[in-house]
Each structure stands twice: as C-alpha cells, then as structure tokens.
C-alpha cells in the first residue's frame with residue numbers, strides 16, 4: 001500500500017516548532033525559513049528557491065533536480081521533462097498550483113495529481129512524473 005506524504009508550508013512550520021519545543025535549551029542559530037530541514041521519517045527537504053518548481057529524479061529529493069521558474073514557464077501549458085527522464089520527488093514554491101502527470105503529454109488517462117503552490121514538498125510521488133502544468137490561481 002502506498003502512503004502519500006505532502007508537506008505544506010504550515011506543516012513544515014509546525015514540525016519545526018515541535019522540534020524546537022522538544023529540544024533541550026541550547027544556543028540558537030538562525031535558520032533561513034526557505035530551507036527547513038525537518039521532515040517525516042528523517043527525510044531532509046530538498047533545496048528549492050522561491051518562485052520555483054523543483055523536480056528530483058529519485059525519491060527523497062535525491063539526484064540533480066530540474067528547476068523551472070514561474071517567470072520563464074508558460075501558465076496552463078504542458079511542460080514535459082527531457083525525453084527518457086522522470087521525477088519521483090518535488091517541491092512547489094511557485095505560489096501557484098501545479099499538476100504533475102505520469103504522461104509526457106499531460107494526458108489525463110494516466111495518473112495525475114495537483115499540488116498547492118505555497119510551499120509543498122513531496123518526498124515520494126505515487127508515480128513517475130514526466131510532465132507538469134502550472135495553473136493560474
């Protein structure tokens with residue numbers, strides 16, 4: 001059975017607060033909010049800058065990611081990953097919803113899933129992602 005894990009910005013904040021409350025008193029080191037490092041089951045979140053969609057070829061944000069910026073990606077258009085490649089983990093920091101597709105043509109006959117754009121990290125997709133669409137809010 002497959003268990004889907006999606007971390008939104010609010011969930012990441014809650015995890016960080018829980019970890020801070022449970023930690024013994026120690027000197028505090030500032031941490032950039034854009035790169036939280038707490039995730040379920042010991043998975044570190046992949047680095048993905050604001051305004052970007054980041055897709056990793058392996059689960060757990062491993063491998064060299066493909067990154068797409070909102071400024072250079074057409075809205076409501078199917079964007080295929082390079083031929084013969086796929087992604088198995090992603091982070092959506094575009095501020096817009098993104099739908100990922102099993103099909104390289106964004107066909108809805110295969111698997112597809114839409115993720116919110118306010119800081120969503122997915123360490124393991126339910127299928128190999130071969131294309132995506134960014135949506136208007």
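Answer with yes or no whether residue 126 is at pLDDT 95 or above, surrounded by fewer than 22 Cβ atoms within 10 Å (Cβ to Cβ), outside any strand (DSSP E or B) and out of contact with any strand residue (DSSP E or B) (no Cβ under 6 Å at 6 or more places or on another chain). Here the answer is yes, as residue 126 does meet what is asked.
Of all residues in region 106-122, those that are in contact (Cβ under 8 Å) with a residue 40 or more places away in the chain, out of contact with any helix residue (DSSP H, G or I) (no Cβ under 8 Å at 6 or more places or on another chain) and not in a strand (DSSP E or B) total 1.
Conditions tested, residue by residue: (1) assigned to a loop (DSSP other than H, G, I, E, B); (2) surrounded by 14 or more Cβ atoms within 10 Å (Cβ to Cβ).
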| position | (1), (2) |
| --- | --- |
| 53 | no, yes |
| 64 | yes, no |
| 68 | no, yes |
| 71 | no, no |
| 83 | yes, no |
| 90 | no, yes |
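Of everything in region 42-73 that is within 19 Å of residue 98 (Cβ to Cβ) and out of contact with any strand residue (DSSP E or B) (no Cβ under 9 Å at 6 or more places or on another chain), the residue that is modelled with the lowest pLDDT is 71. Taking the criterion of being more than 13 Å from the chain's Cα centre (by Cα) and either more than 17 Å from residue 115 (Cα to Cα) or without any contact (Cβ under 8 Å) to a residue 60 or more places away in the chain (or both), the residues of region 48-73 that qualify are 63, 64, 69, 71, 72.
Among the residues of region 30-41, at least one is modelled with pLDDT of 50 or more and either assigned to a helix (DSSP H, G or I) or under 23 Å from residue 107 (Cα atoms) (or both). Restricting attention to region 92-118, and to residues there that are over 16 Å from the mean Cα position of the chain (by Cα) and at pLDDT below 95, which single residue is surrounded by the fewest Cβ atoms within 10 Å (Cβ to Cβ)? Only one residue fits best here, namely 109.
Determine whether residue 100 is outside any helix (DSSP H, G or I) and touching a helix residue (DSSP H, G or I) at 6+ places or on another chain (Cβ under 8 Å). When the stated conditions are applied, residue 100 does not pass them.
The values are calculated or read from the model by the stated rules, or taken from the named source; none is laboratory data. Values in this document were obtained by computation on a predicted structure and should not be read as measured data. Cβ sites come from the backbone with ideal geometry, for glycine too, and all protein chains shown count toward neighbours.
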